[in-house]
């Protein structure tokens, strides 16, 4: 049965936030495959995003959650490809229940008063579009989504403003304008959105008086001056052949930042090429407590909005974006829906007191063929010709339209 709406500088460190959650064994049996799969997906998607220039920061958890909600409506080979790429090894009902349990555990950390960890999901369907009741109820039940109809067809910009406003509110104003102009069209029928916000103080804060300007070697081999924080005490630490690994816990001990520093100043590229879940496990597991003289740059990164469609296609999730092959019949009983965009934006600030981070993901779905996109927002070549003869009258390039 369908529900019809009629209501109106490149870092040289790898950062990993590790939740340490303890739940009942019965819950963990299904939750653990989700956590393990998310780690596998994190490594895979990092391998596709690492080629982007400059700093990189994203939330694999946010991306997985937004796509898990989308997966609830996927069927056939579309569902199989999504499951393979996202490492969804559980059957649909168990998978969504496991995501619900994991999110509940994560949100419960805030209730203990040590840090803020807030996760929220939402569904934004086109008003009057007949989505299946089973799909909406499943997502509503397991992901706690408010379902808010909007008018993509008649008021596209207003819909964008409303959704962005929800994301901004849920991320304490750290993620603004997740959905950009032209990311939505009159053919959009659904946006599935996840937002995550984290703020935590270090268990051992850095003294601002100890912060000094120091040299930092960039990815190109040059040096820049940056505010370098400093403290000396015992932390989880291990020195391996090609890296040093440091764990900085947040107050309460349930979350930590893991910093992986290549031994060679220009060793990040090689380190990234070897990144795997097995290597992550080596870095994470049981770091011995050692006295460490820690120097860490104070930094802020805002990354995105980035469209993840191409990286996901490269990983093997192809049918979901192709009209005639995409099967999201679990959403509306037809095979007319395709994923148009997977938008992601993330923010992190690390300073003497602790860390504040946020991210959001929006899966944008439309009805009908996904149009080719031609956006001349970078240098291009152009020519003017006489069509009957093909004679080229003018030829040029644009590298700076404003010059």
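The values are calculated or read from the model by the stated rules, or taken from the named source; none is laboratory data. Keep in mind the model is a prediction, meaning the values are calculated, not measured. Using ideal geometry, Cβ is built from the backbone for each residue, glycine included, and neighbour counts are taken over all protein chains shown.
Can you say whether residue 156 is over 19 Å from residue 328 (Cβ atoms) and surrounded by 15 or more Cβ atoms within 10 Å (Cβ to Cβ), as far as the supplied structure shows?
Values: over 19 Å from residue 328 (Cβ atoms): yes; surrounded by 15 or more Cβ atoms within 10 Å (Cβ to Cβ): yes.
Yes, satisfied.
If I filter segment 210-223 for residues that are within 25 Å of residue 105 (Cα to Cα), in a loop (DSSP other than H, G, I, E, B), modelled with pLDDT under 95 and in contact with a strand residue (DSSP E or B) (Cβ under 9 Å, 6 or more places away or on another chain), do I get at least one hit? Working first, answer last.
Within segment 210-223, the first condition is being within 25 Å of residue 105 (Cα to Cα), and the residues that meet it are none.
Scanning segment 210-223 turns up no residue that is within 25 Å of residue 105 (Cα to Cα), in a loop (DSSP other than H, G, I, E, B), modelled with pLDDT under 95 and in contact with a strand residue (DSSP E or B) (Cβ under 9 Å, 6 or more places away or on another chain).
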I'd like to verify a number: residues in segment 130-159 that are over 20 Å from residue 95 (Cα atoms), in contact with a strand residue (DSSP E or B) (Cβ under 9 Å, 6 or more places away or on another chain) and part of a helix (DSSP H, G or I), how many? 3
Within the bounds of segment 310-318, is there any residue that is under 25 Å from residue 197 (Cβ atoms) and surrounded by fewer than 23 Cβ atoms within 10 Å (Cβ to Cβ)? yes
Residue 115 vs (1) crowded, with 21+ Cβ neighbours inside 10 Å; (2) more than 16 Å from residue 361 (Cα to Cα); (3) touching a strand residue (DSSP E or B) at 6+ places or on another chain (Cβ under 7 Å): all pass except (1)
Could you run through segment 336-360 and say how many residues are within 29 Å of residue 129 (Cα to Cα) and in a strand (DSSP E or B)? 11
Taking into account only those residues within segment 77-89 that are surrounded by fewer than 18 Cβ atoms within 10 Å (Cβ to Cβ) and touching a helix residue (DSSP H, G or I) at 6+ places or on another chain (Cβ under 7 Å), which is farthest from residue 320 (Cα to Cα)? 89
Segment 164-182, residues that are part of a loop (DSSP other than H, G, I, E, B), more than 20 Å from residue 107 (Cβ to Cβ) and modelled with pLDDT of 95 or more: 176, 177, 178, 179, 180
Any residue at all in segment 54-61 that is touching a helix residue (DSSP H, G or I) at 6+ places or on another chain (Cβ under 8 Å), farther than 15 Å from residue 306 by Cβ, at pLDDT 95 or above and part of a helix (DSSP H, G or I)? yes
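Would you confirm, using the coordinates I've provided, whether residue 378 is part of a loop (DSSP other than H, G, I, E, B), under 30 Å from residue 332 (Cβ atoms) and out of contact with any helix residue (DSSP H, G or I) (no Cβ under 6 Å at 6 or more places or on another chain)?
Numbers: part of a loop (DSSP other than H, G, I, E, B): yes; under 30 Å from residue 332 (Cβ atoms): no; out of contact with any helix residue (DSSP H, G or I) (no Cβ under 6 Å at 6 or more places or on another chain): yes.
Answer is no for this residue.
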If you go through segment 224-231 one residue at a time, do you hit one that is at pLDDT below 95 and over 17 Å from residue 299 (Cβ atoms)? no
